[in-house]
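Just so it is clear, none of the values below were taken in a lab; they were calculated from the coordinates. Bear in mind the structure is a predicted one, so any value in this text is a computation, not a measurement. Don't worry about glycine lacking a Cβ; one is built from the backbone with ideal geometry, like all the others, and counts go over all protein chains shown.
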Amino acid sequence: MSDALDQELFDLARSVGLEAAALVRLRRPQGRVGVAATKSSPTDVVTEIDKASEALIRELIASARPDDGFVGEEGDDVIGTSGVDWIVDPIDGTVNFVHGIEAYAVSIAARRGADVVAGYVVNIATGREYGAIKGRGAWQYVDGEPQAIVAEPGAPLSHAIVASGFHYTRQIRTKQAQAMARLLPQIADLRRTGSAALNLCDLALGHYDMYFEQGLHLWDHAAAGLIATESGLIVVGLDSEPNERMVMAAHPAMAGEYFDTIRACGF
Ligand code: LIP
């Protein structure tokens, strides 16, 4: 029963995600996109298209499963009665979207009880899709067909390409700059591409060796965190579960060394 339900939730996540991505693509004007409002800081932006994407996702999910709960980046939480909640980022990587940098994604996760059981991420600009169902692996779509993603051990720390991001608030960024100054001499290089969801999917694919970021919200990493975990990676926080304080992800073969280094650098 739960297997069939998880598949149903994944299929809904994918069909809704594809519709939302199509809407965002259609509505995106040439050049830079206008900012509608700012959130946690003057550089934490939202556009009318983020809001339209989330409204569409809410409407499609509510019409298919009216009793489910909903947690979205751009609107109020809905408390459900079915035991299933949706955790949605209508555009993860909004700054990239505003500037036309092709790394922004729709991210949709379904949670049953305490567990995220289905995750779907689509890069809106390139159309690349990633998915996972808890206990059934992770995959990317190649010519429309699912192809398993199996993560491989990363490089030793001194050769690691590390993906990360920086907080929106200046005070925390100042601390991050100091911690980053300690980390940089120990790794091969750093990438900051601006979408946590895509960073986690790309880590699973082996483009990076490690990913970590502070200040993420659940909607930034819920879907891609499952994709990463199901590909064989470990996704944790500083001490336990991933949370706003920290999300770190790596292959289990390297995670001990990588994560200890992040902690020792003072992030
Ligand atoms: C963004 C993340 C990005 C992170 C930003 C922000 P948004 O999500 O995915 O990697 O560095 O702080 O949270 O706000 O564009 O949905």
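So how many residues does the range 169-191 have that are touching a strand residue (DSSP E or B) at 6+ places or on another chain (Cβ under 6 Å) and either small (Gly, Ala, Ser) or within 15 Å of the ligand (Cβ to nearest atom) (or both)?
Total satisfying the criteria: 3.
Ile101: of a type in the set (A, V, I, L, M), within 16 Å of the ligand (Cβ to nearest atom) and assigned to a helix (DSSP H, G or I), yes or no?
Details: of a type in the set (A, V, I, L, M): yes; within 16 Å of the ligand (Cβ to nearest atom): yes; assigned to a helix (DSSP H, G or I): no.
No.
Within the range 1-33, which residues are out of contact with any Phe, Trp or Tyr (no Cβ under 8 Å at 6 or more places or on another chain), more than 23 Å from Tyr141 (Cβ to Cβ) and either touching a residue at least 24 places away in the same chain (Cβ under 8 Å) or aliphatic (A, V, I, L, M) (or both)?
Initial filter on the range 1-33 (out of contact with any Phe, Trp or Tyr (no Cβ under 8 Å at 6 or more places or on another chain)): 1-9, 11-12, 15-16, 18-23, 25-27, 29-32.
Then keep just the ones that are more than 23 Å from Tyr141 (Cβ to Cβ); that gives 1-2, 27, 29-32.
Matches in the range 1-33: Met1, Ser2, Arg27, Gly31, Arg32.
Residue by residue through the range 77-98, note down the ones that are in contact with a strand residue (DSSP E or B) (Cβ under 8 Å, 6 or more places away or on another chain) and within 16 Å of the ligand (Cβ to nearest atom).
Trp86, Ile87, Val88, Asp89, Pro90, Ile91, Asp92, Gly93, Thr94, Val95, Phe97, Val98
Which residue, of Asp76, Asp92, Asp115, is within 16 Å of Leu23 (Cα to Cα) and charged (D, E, K, R)? Spell out the reasoning first.
On the way: Asp76 fails: within 16 Å of Leu23 (Cα to Cα); Asp115 fails: within 16 Å of Leu23 (Cα to Cα).
That would be Asp92, the only listed residue that is within 16 Å of Leu23 (Cα to Cα) and charged (D, E, K, R).
In the range 204-221, which residues are assigned to a loop (DSSP other than H, G, I, E, B) and more than 11 Å from the ligand (Cβ to nearest atom)?
Passing the criteria: Leu205, Gly206, His207, Tyr208, Asp209.
Being in contact with a His (Cβ under 6 Å, 6 or more places away or on another chain) and closer than 17 Å to Ala255 by Cβ is the filter here; which residues of the range 187-219 pass it?
Hits for the range 187-219: nothing passes.
Here are some conditions: (1) touching a residue at least 12 places away in the same chain (Cβ under 8 Å); (2) over 25 Å from Ala4 (Cα atoms). Ala118 meets all but one. Which one does it not meet?
Looking at each condition in turn, Ala118 falls short on (2).
Take the range 45-98 and flag every residue that is outside any strand (DSSP E or B), among the β-branched types (Val, Ile, Thr) and without any contact (Cβ under 8 Å) to a residue 40 or more places away in the chain.
Matches in the range 45-98: Ile79, Thr81.
Filter the range 134-186 down to the residues that are of a type in the set (A, V, I, L, M), part of a loop (DSSP other than H, G, I, E, B) and surrounded by fewer than 16 Cβ atoms within 10 Å (Cβ to Cβ) and list them by number.
Let us first name the residues in the range 134-186 that are of a type in the set (A, V, I, L, M), namely 138, 142, 148-151, 155, 157, 160-163, 172, 177, 179-181, 183-184.
Right, trim to part of a loop (DSSP other than H, G, I, E, B) and you get 150-151, 155, 160.
Those that are of a type in the set (A, V, I, L, M), part of a loop (DSSP other than H, G, I, E, B) and surrounded by fewer than 16 Cβ atoms within 10 Å (Cβ to Cβ): Val150, Ala155.
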